[in-house]
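Asks: First the structure, which I've put down as structure tokens, then a few questions once you've had a look.
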Amino acid sequence: MADDKGAVPPLTFEPTRKNWLEYIRGSFLRFVLIAILPSLVFTMSVFFISPCLSLVILPLIVVVLLWLFRVKNLWHQVISGAVSLAIAALLMSAIYSVSYGELTGGVFSNDALLKNGKVTPFEGGPNQLYTFSITVESNATYIDPHVIIYDLYGTNIDNLTMSFVSNGTGNVTKSYSVQTTLDSPINSFIFAVDIDGTWHSTLWADGPISSDGTLVYGTLAYAWLIQIFGFCFMQLIVMIIFLRMSAKSKEVRERMMKDYRQKTGSTVATPSGDKTESGAEVTTKEETFICSECGAEVKASAKYCPSCGEPFEEDDEPKAVKAPEKK
């Protein structure tokens, strides 16, 4: 038969999503997405869900993307995961480095006895002298005010006793202050005052911090890298091992099934496909019998004879005679 030159080839439609997914799997873009997407989800989950839960979500998303984009090389999996964790740490450091700021009006206690707690200046250099001040609303005879200063890691603690500065009207409002230098570029503080044997404390406050933004960011980056890698890297390795074991188990099952088919020379039909791995049509031989009315060969699953229309019933055995096997 001559070729029909005017015939229009059949149109095929491939989903756009599948095209993009196949493109990403075969390009370097998959590594970029694995590095960026988990860090973005981690950042949002820290602020909107929970910081602790975010440390579990981060490695899980990395492993899901490794599986989705078909990254099978072990070193590629580990390096991609490590880069993703590092980007998450650097992103959080950038956010926190610009979030430090002095509280307007200063810190206070919930019982309103301690007010206007603050540090001046809020930013300073290595040799900067910082002044911590607090106002106590009490006419008690014994008042012992302290300021407790922590660095970013909570290891360097300064507990300084504050000195009396001035008395307010009616001998009720009293002001206290203390001056000191700090070595840590990022600090936080709280005021604690003993009033006639009862301790009262203010809320925590940020500051003082270094005026060198690069130093602040570097300190935060180091802290976040330790925290994220300490909590997430081992989880990531365990998940990668589980992913590889699952893939290896699947390959072994497929190999065993292929060897079994080759040895037995049989094929097994699948629900969706009607072809073997080589592309050949899957055929299964079904048992037949002879119709007692017309003598035609009928499949065992048939309810009616395709030749004469005779119905077959399960208890109607005399009408269905099994056909002899063909040699």
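We did not get these values from a lab; they are worked out from the coordinates using the rules stated. These numbers were taken from a predicted model, which means no experiment stands behind them. We place every Cβ from the backbone using ideal geometry, glycine too, and count neighbours over all the protein chains shown.
Asks: Can you give the charge dipole size of the stretch 114-203 about its Cα centre, rounded to the nearest 20 debye, using +1 on the beta carbon of Lys and Arg and -1 on the beta carbon of Asp and Glu?
Replies: So the magnitude is around 240 debye.
Asks: Give 72/250; 72/248; 263/299 a once-over and call out the pairs whose C-alpha atoms are over 21 Å from each other.
Replies: In this structure, 263/299 exceed 21 Å between Cα atoms.
Asks: For a protection proxy built on the mean count of beta-carbon atoms within 10 angstrom, sort 180-190, 101-111 highest first, please.
Replies: Descending packing order for the listed peptides: 180-190, 101-111.
Asks: With a 10 Å radius around each residue's Cβ, average the other Cβ atoms per peptide and rank 20-28, 87-95, highest first.
Replies: Highest mean packing first, the order is 87-95, 20-28.
Asks: On to the next question. Provide the gained length on full extension for the span residue 233 to residue 287, in nm with one decimal, where the gain is 0.36 nm per separating residue minus the Cα-Cα distance.
Replies: Length difference between fully extended and current span is 13.6 nm.
Asks: Give me a comma-separated list of calculated 3J(HN,Hα) values for the stretch 69-77, in order, Karplus coefficients 6.51, -1.76, 1.60 applied at θ = phi - 60°, integers in Hz, x for any Gly or Pro.
Replies: So the J values, rounded to whole Hz, are 8, 6, 8, 9, 5, 4, 5, 5, 5.
Asks: Would you kindly state how much longer the chain becomes between residue 196 and residue 21 on full extension, computed as 0.36 nm times their sequence separation minus their alpha carbon distance, in nm to one decimal?
Replies: Extending this stretch completely gives an extra 56.0 nm.
Asks: For a label point 7 angstrom out from the Cα of residue 128 toward its Cβ, which stretches of the stretch 207-247 have the backbone nitrogen within less than 17 Å?
Replies: Backbone N within reach: 207-220.
Asks: Just to confirm my numbers, what's the Cα centroid distance between the stretch 124-167 and the stretch 191-254 in Å?
Replies: Distance between centres, Cα-based: 29 Å.
Asks: Using a Förster radius of 25 Å, what is the FRET efficiency between residue 140 and residue 226 based on their Cβ-Cβ separation? Nearest 0.05, please.
Replies: After rounding to 0.05, the efficiency reads 0.05.
Asks: Moving to a separate point now. So if I restrict to the alpha-carbon atoms in the stretch 114-203, what is the Rg, and what is Dmax, the biggest pairwise distance, in Å?
Replies: Spelled out, the Cα radius of gyration and Dmax of the stretch 114-203 are 13.6, 42 Å.
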